[in-house]
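Data block below; observations after.
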Amino acid sequence: MCGVFGIFNHPEASNLTYLGLHALQHRGQESAGVVSNVEGTLHGVRAMGQVRKIFTREALAQLPGPLAIGHVRYTTAGGSLVKNIQPLWAQYRGRSVAIAHNGNLVNEEVLREELEGEGAIFTSFSDTEVILQLMARSHQGDFRDQLADALGRVQGAYSMVLTTADELIAVRDPHGFRPLVLGRLTGSPDTYVVASETSAFDLIEAERIRDIEPGEILTISKRGMSSSFVPKAPRRSCVFEYVYFARPDSVLDGKSVYEARIAMGEQLAAEHAVEADVVIPVPDSGVVAALGYSHASGIPFQMGLIRNHYVGRTFIEPSDSIRHFGVRLKLNAVPQVLKGKRVVVVDDSIVRGTTSRKIVKLLRQAGATEVHVRISSPPVNGPCHYGIDTPTRAELVASTQSVEEIAKSIEADSLGYLGAERLLAAVRAPDAPGKNFCDACFTGDYPVPREPPRPGRKQLRLIEV
Ligand code: AMP
C-alpha cells in the first residue's frame, strides 16, 4: 500500500510531484518523499507524515530540476522507520539512482541473506533496497541491463519509478499486480508523467496515454521513449484495488474504478436481494457500491452514516466516564434516515469484523428495525503477499468462521457477500476476457508463492527518530 509518481521534463517537476502525491495520499499516509534530478545530481526531501505537512514551500525549494520522482508510504514490509522512507537513493559505479516502489517482494529475505553473505551492507529494512543492491552487483554494463538483471532475481509485486542520469524509468512486474499508468501533461507534449493512479493526473491536468504493461521497463529521456521487457508471466492485477484501495475517480488498466464499484453493487443486489426501506453506505468505502445496489434493487439510497474526516490515528480518551464512543469518532448515525426502517448497509469488505459489528449496533441504536449487511467482495480469508496491508490469517474473521457465524457475531439480520465470479465480472474490462486478476485474498489462489520466513534471522538494530 504505497503510491508512486514520476515526472520528466518540466521546470516545476518537484511542485507537480507534490501535487501528484497529494492525489495519491490515500495509498499511504505514514511517510512521503520526493527526489529531484539535476543532470544526474539528486536532491531529496523525505520525512514521516503526510504530504501537505512535509512539502512546505521551503522544502520544495530544495528540490530543483526538470525530473522528479515521489512516494507515499503505508508500511507493509520493513516496519515504520525513518530509514525506510522512499524514494530510496544510492550511488554506485559513479552514478546516483533513486527508486520508489509500490508492492511487496516475496523472496526478499532469501536475497537479503545471500547479499549479506557476499558483504552487502543494508541501511534499511525495505525490500526495495534489495533491488538496488542487486543492481550494484550486476555484471551488465548498461544501467537498464543492470536493472533487468536485478528484476530477474526478485519475485513478487513491484510497480516502480526510478531516476538516474537524465532518465525517468517506470517498471511493472510481469504479473502487473499493482497499477502504474503513463500520461502526458495537457498542452505540454514533451512532459511525461507516471503514477500509481490516474487521480494524480487529473490534479495536474495530465492525460492518460496508457498503462505500463506488466513486465515493461519504460525509459524516458531526451533521446525519446523506449521499452524492454522482463520474461512474461500471466497477468494478475490486484482485484482489491477496485474493491477498496484505489480512488473511485481513477482508471486502472483501462477500467474505471467507479464503474467497477457500481457493477459490484448491482451484482450484489442480484445475488443477495432483500426487502428493505433504505440502502445506506458505510462511508467512504461503501458509497459507490451502495449506489449500485440501490439502483439495481430500486430501494432508495440515503446517507444514514456520516463520517468525520478529521479522525487522527490516535485519540486520547477524555475520561473513563465517556466510554464506548469508539466507532462514533469516525461514524455517526442519522436517526432521521434510520428510525423504524429496514436497512441495507453496504461496505466493501470485512477484515477482522470489528467495524461491521459496531456499525450494526449503531444503526439499531438509531432506530433501525432490521439491519442487512451487504459486502461488495467475497470473504477475505487470506493475507496479501503483494502489497496490501492485511492482518495475519488468524485475525481474518472469514478464515475461521462461516458466513452464518459471522452474521451472528456481528448481530446482523442477514449478511451477504459478493461471489468471486460476480466480482470478476464487475471488474473485467470488456476487451480483456479471462481471469487476469489476483484474487488470492478471497480464493487462496496465490500467483507467486511466498518464500517461508527465515526463523532466527538477526534483525538490524538501527533506530532513527
Ligand atoms: P474490519 O473492522 O477489520 O472488518 O475492517 C473492515 C473495514 O476496513 C472496511 O470498512 C474496509 O473498508 C476497511 N478495509 C479493508 N481493507 C483494508 C485495509 N487493507 N486497510 C485498512 N482498511 C481496510
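The values are calculated or read from the model by the stated rules, or taken from the named source; none is laboratory data. Not measured: the values here are computed from a predicted model. Cβ sites come from the backbone with ideal geometry, for glycine too, and all protein chains shown count toward neighbours.
The table below lists the values:
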{"read-out": "Count - residues of region 337-363 that are within 16 Å of the ligand (Cβ to nearest atom) and assigned to a loop (DSSP other than H, G, I, E, B)", "value": "6"}
{"read-out": "Residues of region 194-224 satisfying the condition of being of a type in the set (Val, Ile, Thr) and either touching a residue at least 60 places away in the same chain (Cβ under 8 Å) or more than 21 Å from ALA150 (Cα to Cα) (or both)", "value": "VAL194, THR198, ILE204, ILE209, ILE217, THR219, ILE220"}
{"read-out": "Any chance ILE388 is modelled with pLDDT under 95 and either hydroxyl-bearing (Ser, Thr, Tyr) or near the ligand (Cβ under 8 Å from one of its atoms) (or both)", "value": "yes"}
{"read-out": "Selection within region 1-20 - closer than 15 Å to ARG57 by Cα and not acidic (Asp, Glu)", "value": "ALA13, SER14, ASN15, LEU16, THR17, TYR18, LEU19"}
{"read-out": "Test: residue in region 70-82 that is of a type in the set (Val, Ile, Thr), more than 20 Å from the chain's Cα centre (by Cα) and modelled with pLDDT of 95 or more", "value": "no"}
{"read-out": "Candidate set from region 364-385 (those that are away from the ligand (no atom under 12 Å from the Cβ) and under 30 Å from TYR158 (Cβ atoms)); member that is surrounded by the fewest Cβ atoms within 10 Å (Cβ to Cβ)", "value": "ASN381"}
{"read-out": "Region 267-279, residues that are away from the ligand (no atom under 16 Å from the Cβ), within 18 Å of GLY419 (Cα to Cα), aliphatic (A, V, I, L, M) and touching a strand residue (DSSP E or B) at 6+ places or on another chain (Cβ under 7 Å)", "value": "VAL274"}
{"read-out": "Close pairs (9 angstrom Cβ cut-off, 6 or more residues apart or separate chains): among the acidic types (Asp, Glu) in region 378-390, more than 10 Å from the ligand (Cβ to nearest atom) and in a loop (DSSP other than H, G, I, E, B) anywhere", "value": "ASP389/THR75"}
{"read-out": "Residue in region 311-326 that is surrounded by 11 or more Cβ atoms within 10 Å (Cβ to Cβ), modelled with pLDDT of 95 or more and within 15 Å of the ligand (Cβ to nearest atom) present", "value": "no"}
{"read-out": "Criterion violated by ILE131 - all others in (1) in contact with a strand residue (DSSP E or B) (Cβ under 6 Å, 6 or more places away or on another chain); (2) of a type outside the set (Lys, Arg); (3) at pLDDT 95 or above; (4) crowded, with 23+ Cβ neighbours inside 10 Å satisfied", "value": "(1)"}
{"read-out": "Qualifying residue in region 245-258 (condition: within 16 Å of the ligand (Cβ to nearest atom), farther than 24 Å from THR198 by Cβ and either outside any helix (DSSP H, G or I) or over 16 Å from the mean Cα position of the chain (by Cα) (or both))", "value": "no"}
{"read-out": "Any hit, region 23-41, residues being farther than 22 Å from SER199 by Cα, surrounded by 19 or more Cβ atoms within 10 Å (Cβ to Cβ) and of a type outside the set (Phe, Trp, Tyr)", "value": "yes"}
{"read-out": "Which listed residue is more than 16 Å from the ligand (Cβ to nearest atom) and modelled with pLDDT under 95, from LYS222, LYS232", "value": "LYS232"}
{"read-out": "Those residues of region 280-307 which are β-branched (Val, Ile, Thr) and more than 16 Å from the ligand (Cβ to nearest atom), in sequence order", "value": "ILE299"}
{"read-out": "Region 1-34, residues that are in contact with a helix residue (DSSP H, G or I) (Cβ under 9 Å, 6 or more places away or on another chain), away from the ligand (no atom under 16 Å from the Cβ) and either assigned to a strand (DSSP E or B) or at pLDDT below 95 (or both)", "value": "VAL4, PHE5, GLY6, ILE7, SER31, ALA32, GLY33, VAL34"}
